[in-house]
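Here's the structure we're looking at; comments come further down.
The values are calculated or read from the model by the stated rules, or taken from the named source; none is laboratory data. This structure is a prediction, so every number in the text was calculated from the model and none was measured. Positions of Cβ are backbone-derived with ideal geometry, glycine not excepted, and every protein chain shown enters the neighbour counts. The protein model used for the area step is the full one, side chains on, heavy atoms only, and it has no ligands, DNA or RNA in it. Shrake-Rupley method; radii C 1.70, N 1.55, O 1.52, S 1.80 Å.
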Amino acid sequence: MLVRTGRETVVVSDEGEALGQVLAAGIEVDAADRLVRHIVQEQGLLIQGGVIRTPGMPIQSAPLGVLLVANTARDVAHWLYDHKKVKRGRDFRKMLADYLQAAFTKQVAQTEIIGMSTKQHKFANVVSFANGRKLIIDAVAKDPSSINARVVANLDVKARHDPTLIQRIIYDDAESWSASDLNLLQVGADVVPFSEAKTVIQRLAQKELAA
C-alpha cells in the first residue's frame, strides 16, 4: 500500500499488489484492468496497468482511502482466483521453495525435526533465525496421502510445545479444497493459502528479526 500526499490531496494505491499475488499464484490473467474494472469502479476507484488507486482525495480522507483500496484489492484478487485458470504444469511447492531460497538464502534448508514420539520428521523448508527459533514452512499437496503425512508430522512436532518452533502448513488455494480437508490440516498447524504465503512469511520473519 502506498500513500502519496500533496499539499492538499492524497492518492492511495495498492502498487499492483493484488494482481501481483494472483500472477505469483500461477493464475493466467489477460487484460486485467478490463476484467475487474467493474469491481473497482463500484468503489469509486481507478485501475491502470493493474494498479488500483483512489482519485485525488482531501488529506483528511486518507484513512478512508487506505480502507477502500485494501478491501477492493482483496475483492479483485478473490474474483480473479474464482474466474481465471491456473497455468498448466504449475508446481506451487517448487514456487514456494524458490521464493524461500531467494528470500532467506542460507537460512533455509531441508531439516529433520524430532517429534513428541521421538520420530524424526523431514521438512523441506525450515528457516533458521539468529535468535535460535525456526520457522517450518510445510507445503501440502491435495491428495489424501500428502494431507495425512503432513498432518501427522506437524502434529507430532507440535505436541512437543517447543517455543522455538513456528509451524505453518501451506496449501494451494488455486485448487478446490473441501472444508473437511482444511480442518484436518489445521489440526497439524496453522494453515496458510499459497496466495497469502509470502505476506505471512515476511510478517513472521520480521517479528523474529526484531526479537
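Just to check, using Stokes-Einstein with a Kirkwood Rh over alpha carbon pairs, what's the diffusion coefficient of region 37-170 at 10 °C and 1.306 mPa s in µm²/s?
Numbers: Rh = 18.4 Å.
Translational D for this selection: 87 µm²/s.
Where the centre of each part is set by its Cα atoms, how far does region 155-173 sit from region 36-75, in angstrom?
Rounded to whole Å, the Cα centres lie 37 Å apart.
Using a 1.4 angstrom probe on heavy atoms only, work out the carbon and sulfur share of the accessible area of region 56-127 in %.
Details: 2480 of 4540 Å².
Taking all protein chains in place, region 56-127 shows 54 percent carbon and sulfur surface.
Taking region 1-43, which GluC sites (Glu not before Pro) meet the DSSP loop condition and have no more than 10 other C-beta atoms within 10 Å?
Filter output for region 1-43: E8.
Within the set K84/K207; K84/K158; K122/K142; K106/K158, which residue pairs have Cα atoms separated by over 29 Å?
Details: K84/K207 34 Å; K84/K158 36 Å; K122/K142 19 Å; K106/K158 25 Å.
Too far apart for the 29 Å limit: K84/K207; K84/K158.
Using 7 Å Cα-to-Cβ label points, what is the Q202/E15 separation (nm, one decimal)?
Simple spin-label model gives 0.7 nm for this pair.
May I ask for the net charge around V140, where only other residues with Cβ less than 12 Å from the Cβ of V140 are counted and Lys, Arg are +1 while Asp, Glu are -1? Can you show the working numbers first?
Values: positive: R93, K142, R150, R168; negative: D138, D143, D172, D173, E175, D181.
Around V140, the charge tally is -2.
Let me cross-check I147: its accessible surface, 1.4 Å probe, with only protein heavy atoms counted, in Å² to the nearest 10?
The accessible area of I147 comes to roughly 10 Å².
What number, rounded to the nearest 500 deg cm²/dmol, is the helix-based mean residue ellipticity at 222 nm of the chain, given -39500 (n - 2.57) per DSSP H run of at least four residues and division by all its residues?
Taking each H run of at least 4 residues, the total per residue is -14500 deg cm²/dmol.
Taking the highest mean first, how do the peptides 166-173, 71-78 order by number of other beta carbon atoms within 10 angstrom per residue?
Those peptides, ordered most packed to least, come out 166-173, 71-78.
Just the number please: accessible area per residue for the chain, 1.4 Å probe, all protein chains included, in Å². Show your work: numbers first, answer last.
Working: 11780 Å² over 211 residues.
On a per-residue basis, the chain sits at 56 Å².
Within a Cβ distance under 14 Å of L68, other residues only, what is the Lys/Arg minus Asp/Glu net charge?
-1
Give me the dipole magnitude in Debye, nearest 20, for region 34-127 about the Cα centre, with unit charges on the beta carbon: positive for Lys and Arg, negative for Asp and Glu.
Result for region 34-127 is approximately 440 debye, rounded to the nearest 20.
Between L67, N131, I47, whose Cα lies farthest towards the positive end of the dipole of region 1-143 when Lys and Arg beta carbons carry +1 and Asp and Glu beta carbons carry -1, centred on the Cα centre?
Selected residue: N131.
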